[in-house]
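A.B. asks: My questions will all concern the structure given below.
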Amino acid sequence: DGDVYKYYADGEWKKSSSAKTVAIINPTTRKTQYKVQACTQEEVNKVMESAKTAQKSWAKTPLWKRAELLHKAAAILKEHKAPIAECLVKEIAKPAKDAVTEVVRSGDLVSYTAEEGVRILGEGKFLVSDSFPGNERTKYCLTSKIPLGVILAIPPFNYPVNLAVSKIAPALIAGNSLVLKPPTQGAVSALHMVHCFHLAGFPKGIISCVTGKGSEIGDFLTMHPGVNCISFTGGDTGIAISKKAGMVPLQMELGGKDACIVLEDADLDLVAANIIKGGFSYSGQRCTAVKVVLVMESVADVLVDKVKAKIAKLTVGPPEDDCDITPVVSESSANFIEGLVKDAKEKGATFCQEYKRDGNLIWPLLLDNVRPDMRIAWEEPFGPVLPVIRINSIEEGIHHCNASNFGLQGCVFTKDVNKAILISDAMETGTVQINSAPARGPDHFPFQGLKDSGIGSQGVTNSINMMTKIKSTVINLP
Ligand code: G3P
């Protein structure tokens, strides 16, 4: 059955016994582009079993050998950037150039993680007992970092390759095995990426990829007793997973409502450029997108005009043509965005452009004079629609930012670095960017969300540490 992509288990590409498939709809054509296997719970059990067995010997494989394989996979991934990027274009309507960038960035991330891993996992600690009251120098404690076991990785549709390898590479370098459940939109890109690990020659069972309906295998995977850690990036599902998961470490990144606070002394050309990049790249479908502008009233008119002029220059159309604004991932997503726009319209927001939609394609829209009673002031559209709230004091801006149930990132624009630091301290978000739009990268920086934006911290180093635990051996002297 050449039309249906196989899933990857035990070092082989397999057909599901379910004889069922899941269709991947091209967001641009709204027609079925690919089909993947709908794996059964029994198949998941088998994958878990082989992941568990394989991990035992993988943990004993020398660290430098694990790193060598990861470097190999990174090189193969970069070699195959064109066909993988093509899948990203077809499955998630990522603009062609950005799709290539995602794959290259992923290769770099895998290599960096291998390098970082050999350093931080090659070191342990040596402690002596006599620093704690009542102890003589009779106990020597040796610590090292050991793997957790089987890691379950669930990346989102917006970076199906990059946010998969940001979980795979740290898991594998640390001696874990990994089971990947890719998002439906993005599953074929992810399967191609997994093939690069296959070609690199990882032992069977170290990496597996199961595809299927969330409703059939989602809970089954996240509640599976064979899972020793879950690394998830996505939306509300993450909150549900954290309630159902067993006693395993969780790494979660669940979206945001990143605020852009603009002070009176800000370089407004710089702000406008960052609002475009931050708010509209990949049509706003990034957790770290600028999702609300909080601008001081005295500079609001000038800023809004500058942003409007830049929006007029954005190209809108298919991802194959590398347009700036491309169709959003699904019809339900487009409908949700439209609901937020209609609500803002009814409640009196100023439309800087006419609202326009064709299928899943939504033209970029700036909504001025948004007020706190509008849904768009608080909810994340995950689309090319950006609200502007005019503020009369810095405190008002900080208050709006902190009243959100999200706390991923935020940014502040001012030439006064002292003010910027104070505002950063006051903002309840995992990261604050001064004079630039929010962003996860460079990928070795810590990346974390407060409140409903997540659990734990990511970034290369933090992810390696998170996917290990400390093991001590204490030598007791006579
Ligand atoms: O939306 C996922 C989040 O990780 C964004 O990453 O690189 O666009 O800041 P980035």
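A.B. asks: Go through Ala99, Ala169 for me and flag whichever is assigned to a helix (DSSP H, G or I) and within 23 Å of Ile325 (Cβ to Cβ). Talk me through it step by step, then tell me what you get.
C.D. replies: Numbers: Ala169 fails: within 23 Å of Ile325 (Cβ to Cβ).
Selected residue: Ala99, the only one of Ala99, Ala169 that is assigned to a helix (DSSP H, G or I) and within 23 Å of Ile325 (Cβ to Cβ).
A.B. asks: Is one or more of the residues making up segment 145-164 open to solvent by 10 Å² or more (accessible area, probe 1.4 Å), touching a helix residue (DSSP H, G or I) at 6+ places or on another chain (Cβ under 7 Å) and closer than 18 Å to Phe197 by Cα? Break it down into steps so the answer makes sense when it comes.
C.D. replies: Of all residues in segment 145-164, those open to solvent by 10 Å² or more (accessible area, probe 1.4 Å) come to 145-148, 154, 156-157, 159.
Pick out the ones that are also touching a helix residue (DSSP H, G or I) at 6+ places or on another chain (Cβ under 7 Å) and you get 147, 156-157, 159.
Next, from what is left, pick out any that are closer than 18 Å to Phe197 by Cα: 159.
Yes, the conditions are met somewhere in segment 145-164.
A.B. asks: Quick one: is Leu172 in contact with a Lys or Arg (Cβ under 7 Å, 6 or more places away or on another chain) and over 23 Å from Ser453 (Cβ atoms)?
C.D. replies: So Leu172 passes the test.
A.B. asks: Among the residues of segment 287-303, write down those that are open to solvent by less than 10 Å² (accessible area, probe 1.4 Å), away from the ligand (no atom under 16 Å from the Cβ) and not in a strand (DSSP E or B).
C.D. replies: Of everything in segment 287-303, those that are open to solvent by less than 10 Å² (accessible area, probe 1.4 Å), away from the ligand (no atom under 16 Å from the Cβ) and not in a strand (DSSP E or B) turn out to be Ala300, Leu303.
A.B. asks: Kindly list, by first and then second residue, each pair from a residue in segment 140-161 that is within 17 Å of Gln251 (Cβ to Cβ) to a residue that is of a type in the set (Asp, Glu), limited to pairs with Cβ atoms under 8 Å and residues at least 6 apart or on different chains.
C.D. replies: Tyr159/Glu102
This table checks each residue for (1) free of Cβ contacts under 8 Å to residues at least 60 places away in the same chain; (2) more than 16 Å from the ligand (Cβ to nearest atom); (3) on the phi < 0 side of the Ramachandran plot.
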{"site": "Phe413", "(1), (2), (3)": "no, yes, yes"}
{"site": "Asn418", "(1), (2), (3)": "yes, yes, yes"}
{"site": "Leu422", "(1), (2), (3)": "yes, yes, yes"}
{"site": "Met427", "(1), (2), (3)": "no, yes, yes"}
{"site": "Thr431", "(1), (2), (3)": "yes, no, yes"}
{"site": "Gly441", "(1), (2), (3)": "no, no, yes"}
{"site": "Phe445", "(1), (2), (3)": "yes, no, yes"}
{"site": "Ile464", "(1), (2), (3)": "no, yes, yes"}
{"site": "Ile470", "(1), (2), (3)": "no, yes, yes"}
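A.B. asks: Give the residue that is nearest to Phe382 (Cα to Cα), with candidates limited to residues of segment 304-335 that are aliphatic (A, V, I, L, M) and in a helix (DSSP H, G or I).
C.D. replies: Applying the filter and picking the extreme gives Ala334.
A.B. asks: Among the residues that make up segment 133-140, is at least one of them within 20 Å of the chain's Cα centre (by Cα), more than 27 Å from Tyr34 (Cα to Cα), of a type in the set (S, T, N, Q) and surrounded by fewer than 22 Cβ atoms within 10 Å (Cβ to Cβ)?
C.D. replies: No: zero hits.
A.B. asks: Right, another one. Could you list, in sequence order, all residues of segment 11-24 that are under 27 Å from the mean Cα position of the chain (by Cα) and open to solvent by less than 50 Å² (accessible area, probe 1.4 Å)?
C.D. replies: Of everything in segment 11-24, those that are under 27 Å from the mean Cα position of the chain (by Cα) and open to solvent by less than 50 Å² (accessible area, probe 1.4 Å) turn out to be Gly11, Val22, Ala23, Ile24.
A.B. asks: So which residues in segment 145-160 are touching a Leu at 6+ places or on another chain (Cβ under 8 Å) and more than 16 Å from the ligand (Cβ to nearest atom)?
C.D. replies: Lys145, Val150, Ile151, Leu152
A.B. asks: With the requirement that a residue be outside any helix (DSSP H, G or I) and modelled with pLDDT under 95, what does segment 205-234 give you?
C.D. replies: Lys213
A.B. asks: Let me ask another. Quick one: is Thr101 polar (S, T, N, Q) and open to solvent by less than 50 Å² (accessible area, probe 1.4 Å)?
C.D. replies: For Thr101, the condition - polar (S, T, N, Q) and open to solvent by less than 50 Å² (accessible area, probe 1.4 Å) - is not met.
The values are calculated or read from the model by the stated rules, or taken from the named source; none is laboratory data. Everything numeric here is computed off the predicted structure, so don't read it as measured data. Cβ coordinates were reconstructed from backbone atoms using ideal geometry, including for glycine residues, and neighbour counts include every protein chain displayed. Areas reflect the complete protein model, heavy atoms only, side chains present, ligands, DNA and RNA absent. Shrake-Rupley method; radii C 1.70, N 1.55, O 1.52, S 1.80 Å.
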